[in-house]
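The values are calculated or read from the model by the stated rules, or taken from the named source; none is laboratory data. Given the structure is predicted, the values throughout are model-derived calculations rather than measurements. No Cβ is skipped: glycine too gets one built from the backbone with ideal geometry, and neighbour counts run over all protein chains shown.
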Amino acid sequence: MSVVGEFPGQQAFRRRTIRGPVNPMDKTTLVSIYPSEIIETKPTIQPGVFHIPAGSYEKPAIVVLGPSSWWREIDLDQPLLEIPVSSIQVADSVIKDYCNGILGCDMAGAMPGLFYIPGEHDLEDIRKNYKKDLDAALARQRNWYSALIKLADSLWARSSGNPLAISDTMRLAAKEMNQTKDWMKDFRMVDTVRCKACGGLLNPMFPVCPTCKAINDPAKAKELGLTFAQ
């Protein structure tokens, strides 16, 4: 039934999406040993916001997921058709959508330590019966950390120590792998300056411009014992 004054089809916008009964047995446990909080949002399904606390190998974070739903338009005079999405599909989508495209992640042997187990499980059960899955997740995460550290070393060298080239995730990777790197320091108070020759940004702690190779600080270069071809 339409209301006087509505334009054609306006009644479609007044229809509510009401979920049907949810299968209480449809549960999947998502496990995370990634030491950072994750909030994954999927606006096309309901529920569509998934919060995963930070975890570790010693104390994994677990989130029990249930099914979600999305709605399909059939006809303006008909209710929206609910399309259920199983908890396993939801868990798989949460992990893949978060990890896919992350720097250094290949979605196979190098990625954040996330996985899921069908059914509802507690921490004790996971530690006892799913140690192989935890070990595999740890191996994948360490491979990802190693890839990030190699990339950070390369960026640090190519940018002549520009702190903007290093992400917080790279610093986290080095910390988790117990490695000490120059680029792990907190460089928030370091201001970049412009090269006198080309105008490019450079770190004032280094006398040579990474772009045009001009010597911006001859005194510092001499202090460091740098020699240059004439």
Residues being out of contact with any Leu (no Cβ under 6 Å at 6 or more places or on another chain) and over 18 Å from L30 (Cα atoms) - total across segment 55-74: 3
Count of segment 27-60 residues which are buried (at least 20 other Cβ atoms within 10 Å of the Cβ) and closer than 21 Å to E124 by Cα: 10
Residue match in segment 166-183 (condition: surrounded by fewer than 18 Cβ atoms within 10 Å (Cβ to Cβ), among the aliphatic types (A, V, I, L, M) and assigned by TED's automatic domain parsing to the domain that holds F206): yes
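Table: residues versus (1) in the same structural domain as A136 (by TED's automatic domain parsing); (2) at pLDDT 95 or above.
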position	(1), (2)
E6	no, no
T17	yes, no
N23	yes, no
K27	yes, yes
L30	yes, yes
Y34	yes, yes
I38	yes, yes
Residues of segment 55-89 classified as within 27 Å of A136 (Cα to Cα) and in contact with an Asp or Glu (Cβ under 7 Å, 6 or more places away or on another chain), total: 5
Only one of D97, D106, D75, D133 that is acidic (D, E) and surrounded by 15 or more Cβ atoms within 10 Å (Cβ to Cβ): D133
